[in-house]
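For reference, the structure discussed in these notes is given below.
What follows is calculated from the coordinates using simple rules that are stated; it is not laboratory data. Everything numeric in this text was worked out from a predicted model, so none of it was measured. So basically every Cβ, Gly included, is an ideal-geometry build from the backbone, and we count neighbours across all protein chains shown.
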Amino acid sequence: MSFDGADFRRVLGHFPTGVTVVTAMDDEGPAGMAIGSFASVSLDPPLVMFCPAKDSGSWLRMKDAGSFCVNVLGADQAATCGLFAGRAEDKFEDISWTTDATGAPVIPGSIAVMDCELHAIHDGGDHDIVVGLVKSLWTDPGLEEDPRGPLLFFQGRLGQFQDF
Ligand SMILES: Cc1cc2nc3c(=O)[nH]c(=O)nc-3n(C[C@H](O)[C@H](O)[C@H](O)COP(=O)(O)O)c2cc1C
């Protein structure tokens, strides 16, 4: 190969993503991690996907839960992104999370939420490719009166969306 890991990261860093926090509940309580590799997959059935690192401590807890919740962060939630990208023992300590269809934690202030049943886990090298069947989804009802844009991630930096 004519490139190394640093080249791969640098070039792929030119593709901007939104930021989600994917959560699940296991016997020890809530677990969650910041995820940029989220995408929609299928409308019928309604499927979405994300790619967690196989050695992520959070993912190792979440993968046996059978369900997960995708919380799309708003531009005002950079601190939440930092919290869930870190390795704190209890990332939920100061979060007043709730639950919906599957029991996976819903992060307050998210601009959109997709609560999912685990559908499939495919091999993706050092990451898993996780597919979820959406059981329930909604956007923040406050968005109509108080529109908030998404949190974005580009070249290792957080930012927000701007219209042309
Ligand atoms: C904006 C952003 C996007 C991220 N996207 C992913 C991702 O798609 N997959 C992944 O495995 N880690 C991703 N991470 C890193 C994980 O959030 C981080 O490695 C994880 O929370 C580490 O803690 P853990 O011990 O809970 O796994 C991302 C981090 C940030 C800041």
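Put simply, the Cα atoms of segment 2-83 extend 44, 32, 30 Å along their principal axes, the longest span coming first. Across segment 59-69, rounded Karplus estimates of 3J(HN,Hα) from the backbone phi angles (6.51 cos²θ - 1.76 cosθ + 1.60, θ = phi - 60°) give 4, 4, 6, 6, 5, 8, 6, x, 7, 7, 10 Hz, Gly and Pro being marked x.
Under a 5 Å amide H cut-off, with hydrogens placed 1.01 Å from N, A75 pairs with G149, L151 among residues at least 5 apart or on other chains. Loop-located GluC sites (Glu not before Pro) in segment 85-132 (DSSP state other than H, G, I, E, B) with a sparse environment of at most 11 neighbouring Cβ atoms within 10 Å: E89, E93. Ranked for footprinting exposure by Cβ neighbours inside 10 Å, fewest first, I121, I129 give I121, I129.
Here the gap between A79 and S40, fully extended at 0.36 nm per residue and compared with their Cα-Cα distance, gives a gain of 11.5 nm. Take the Cβ atoms of E93 and L60, set R0 to 22 Å, and the FRET efficiency comes out at 0.65.
From the square roots a ≥ b ≥ c of the eigenvalues of the alpha-carbon gyration tensor of segment 49-120, which class results: rounded (a/c under 1.5), prolate (a/b over b/c), or oblate? Taking the square roots of the gyration eigenvalues as a ≥ b ≥ c, segment 49-120 is oblate.
Simple rule: put +1 on each Lys or Arg Cβ and -1 on each Asp or Glu Cβ in the chain, find the dipole, and look at M62, L137, P52; the Cα lying farthest toward the positive end is P52.
For D100 and D27, a Förster radius of 25 Å and the Cβ-Cβ distance give a FRET efficiency of 0.80, rounded to the nearest 0.05. Convex hull of alpha carbon positions in segment 17-152: directionally averaged projected area 7.9 nm². Relative contact order of the chain: 27 percent, from C-alpha pairs under 8 Å at least 6 residues apart in sequence.
Let's test the formula: R0 of 41 Å, r as the Cβ-Cβ distance of D123 and Q162. What FRET efficiency results, to the nearest 0.05? Approximately 0.65, to the nearest 0.05. Computed 3J(HN,Hα) for segment 155-162, one whole-Hz value per residue from the Karplus formula 6.51 cos²θ - 1.76 cosθ + 1.60 where θ = phi - 60°, is 6, x, 10, 8, x, 9, 6, 9, glycine and proline marked x. Residue order for L143, L12, L151, fewest other beta carbons within 10 angstrom first, comes to L12, L143, L151. Near the amide H of H127, within less than 5 Å, lie the amide hydrogens of K54, all on another chain or at least 5 residues away, with H placed in the peptide plane.
Residues in segment 13-22 carry Karplus couplings, in order, of x, 7, 9, x, 10, x, 10, 10, 10, 9 Hz; the curve used is 6.51 cos²θ - 1.76 cosθ + 1.60 with θ = phi - 60°, and Gly or Pro positions show x. Counting neighbouring Cβ atoms within 10 Å and putting the fewest first, the residues C51, C69 line up as C51, C69.
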